[in-house]
Amino acid sequence: MIMVTGANGQLASRTLAALGEREVPALAGSSTPAGAQRHLDFDDPATLDLTGVSTLVLVSAGYAEDDQVIARHRTLLDAAARDGVAHVIYTSLTGAGDHLGFALAHRVTEQMIKSSGLAWTILRNGLYAELFGALLAWTPDGLESAFGTGALSAVARADLAAAAAAVASEPTAHLGKVYDLVGTPITAGDIADRLGASHRTIGLGEYRNRLLGDANLLPFQPPMLVSIATSVRHGLLNNTSPDLVRLLDRPLIDPLTVAADAAAAMRPGTH
């Protein structure tokens, strides 16, 4: 049986839906379970029951500081080894993202998985097109961001979910593989053009100050977001790879359309 962790999150819920479309049975694990979901709280080892699970899709529990994320993943991997899980599929970060502020937890988790004794597949996911669009800010004059003219190999979340489902459906075919799952490079200017708006670039210092002044952000988030902005701005996240198209065996969802839709949804007066 397949289990997908973080079942109520956006990537995991889409992965479960993609498995359902394939008519592949799967369990849903969540720290806040509903219905038939299995209680799976990475911070409470007593809840980590993986009996009957042969393939574990570990969706990164990355919404925390590195030490907490790594501890969560280590605890779950220990439970997987204890309960007889055969294969772990991990949703990691694109290889071009090693310099990003949240890369360390992903790379340490990859190392832990490779030394766990379990069979494994690593899905190195590109940054979401939805996120790229949502990080652009609306002003009375149009859109602005700290991305400059740099391009991001953005990818639709639905494509990454479909890839995870494809691998989980036939894990032995992907044994020991590391896939770099990125889309077509797009720029903030491309998004603005699609929406018929202008785009203005702001400095990284100004961007950081705005983030630090946002009471809705957790302490680790401003440096994480600035690392995305400077990496896109300076051309470090425009890598390409055929892996995602090969896994899906179909054209990718257009990341520019997805990003533009996300930006449009943030436009004042939309709701």
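The values are calculated or read from the model by the stated rules, or taken from the named source; none is laboratory data. The structure presented is a predicted model; accordingly, all values stated were derived computationally and were not measured. Only protein heavy atoms, including side chains, enter the accessible area calculation; ligands, DNA and RNA are left aside. Shrake-Rupley method; radii C 1.70, N 1.55, O 1.52, S 1.80 Å.
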What residues qualify as long-range amide H neighbours of residue 151, i.e. H under 5 Å apart, gap of 5 or more or another chain, H built at 1.01 Å from N?
235
I need the per residue convex hull volume for the chain, using only the alpha carbons, in cubic angstrom as a whole number.
132
Under 5 Å between amide H atoms, partner at least 5 residues away or on a different chain: which partners does residue 125 have, H built in plane at 1.01 Å?
92, 93, 94, 181
Report, to one decimal in Å, the Kirkwood hydrodynamic radius for the stretch 172-257 based on all distinct Cα pairs.
15.8
Roughly how far apart, in whole Å, are the Cα centres of the stretch 220-245 and the stretch 251-271?
18
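Summing -39500 (n - 2.57) over the DSSP H runs of n ≥ 4 in the chain and dividing by its residue number, what mean residue ellipticity at 222 nm do you reach, to the nearest 500 deg cm²/dmol?
-12000 deg cm²/dmol
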I'd like the Karplus ³J(HN,Hα) series for the stretch 129-137: coefficients 6.51, -1.76, 1.60, θ = phi - 60°, whole numbers in Hz, and an x wherever there's a Gly or Pro.
4, 4, 5, 4, x, 6, 7, 7, 10
Ellipsoid equivalent to the stretch 135-215 - semi-axes via the Cα gyration tensor, in Å:
35, 16, 11
With every protein chain kept in place and a 1.4 Å probe, the stretch 129-213 has an accessible area per residue in Å² of 39
For the stretch 165-218 and the stretch 97-125, compute the distance between their C-alpha centroids and round to whole Å.
19
Considering the alpha-carbon set of the stretch 76-193 alone, what are its Rg and its Dmax in angstrom?
17.2, 58
Sorted largest first, the Cα spans of the stretch 23-111 on the principal axes come out in Å as 38, 27, 24
Counting only protein heavy atoms with a 1.4 Å probe and every protein chain in place, the carbon and sulfur fraction of the accessible surface of the stretch 31-150 in whole percent equals 52
Cα-based helix-to-principal-axis angle, 103-114 vs the chain, degrees rounded to 10
20
Expected vector for the stretch 193-207, Karplus 3J(HN,Hα) from phi with 6.51, -1.76, 1.60 and θ = phi - 60°, integer Hz, x for Gly and Pro, equals 4, 4, 9, x, 10, 8, 10, 10, 8, 10, x, 5, x, 4, 4
Rounded to the nearest 10 degrees, what's the angle between the helix 221-233 long axis and the longest principal axis of the chain, both from Cα atoms, 0 to 90?
70
Work out, in µm²/s and without decimals, the Stokes-Einstein translational diffusion coefficient of the stretch 1-59 at 4 °C, 1.567 mPa s, Rh from Kirkwood over C-alpha pairs.
114
Could you state the number of Å between the C-alpha centres of the stretch 37-84 and the stretch 8-31?
16
Rounded to 5, percent antiparallel among DSSP beta bridges of the chain:
20
May I ask for the angle, rounded to the nearest 10°, between helix 157-169 and the longest principal axis of the chain, with both axes built from Cα atoms and the value confined to 0 to 90°?
20
